[in-house]
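What follows is a short report on a single structure.
The values are calculated or read from the model by the stated rules, or taken from the named source; none is laboratory data. In this text the structure is predicted, and so the values were computed from the model without any measurement. Cβ coordinates were reconstructed from backbone atoms using ideal geometry, including for glycine residues, and neighbour counts include every protein chain displayed.
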Amino acid sequence: MLGVILGFQGWGQTPVSFSGSTNTFQYNRSQNTPIPTSFGGGCLITSIEYTYTGVSVSYGPIVGTPPTNVGTYSINAKLIGSGCGDVVSGEFPFAITAKPLTITGATTANKQYDRTNTAIVTGGTLVGVISPDVVNLTQSGTFA
């Protein structure tokens with residue numbers, strides 16, 4: 001179980017904890033984010049403001065909207081409410097990884113020797129593509 005205490009306990013401060021079995025999500029076209037599970041005591045939370053930062057993506061910071069694309073990110077949480085003070089968590093890193101795809105039905109035909117080892121591959125289909133994503137399959141092969 002992964003659990004990280006972010007923030008600190010001080011005058012008017014409440015620690016924020018993100019816990020979970022992992023901080024890695026597989027791409028599923030949905031918004032993905034770690035969920036804070038503990039906020040310490042004495043704070044009546046009315047809302048939580050999330051700030052996302054993309055570490056390996058070109059569009060930089062995202063405020064309030066969880067990422068959907070493959071990449072490396074971090075999340076900060078700011079507690080808003082009575083007795084919360086100005087609590088902003090430290091950065092909690094997480095990643096969205098590529099979803100594995102498989103190819104089924106690909107075949108090659110026998111060929112007569114023609115001084116090349118090029119094989120013609122046909123009939124392959126990608127399995128695991130999430131609609132409406134468009135993923136192209138380019139097939140090629142060589143004979144040993």
Could you please let me know if residue 62 is at pLDDT below 65, within 25 Å of residue 130 (Cα to Cα), of a type in the set (A, V, I, L, M) and under 16 Å from the mean Cα position of the chain (by Cα)?
yes
Cβ contacts < 8 Å: first residue under 19 Å from residue 30 (Cα atoms), restricted to region 113-133; second residue of a type in the set (A, V, I, L, M), any location; separation 6+ or different chain. Result?
127/101; 127/103; 128/101; 129/101; 129/135
Those residues that are assigned to a strand (DSSP E or B), of a type in the set (Ser, Thr, Tyr) and under 30 Å from residue 51 (Cα atoms), I need them from region 90-143; list them, please.
97
Take the residues of region 109-133 that are exposed (fewer than 10 other Cβ atoms within 10 Å of the Cβ) and within 22 Å of the chain's Cα centre (by Cα): which is nearest to residue 144 (Cα to Cα)?
133
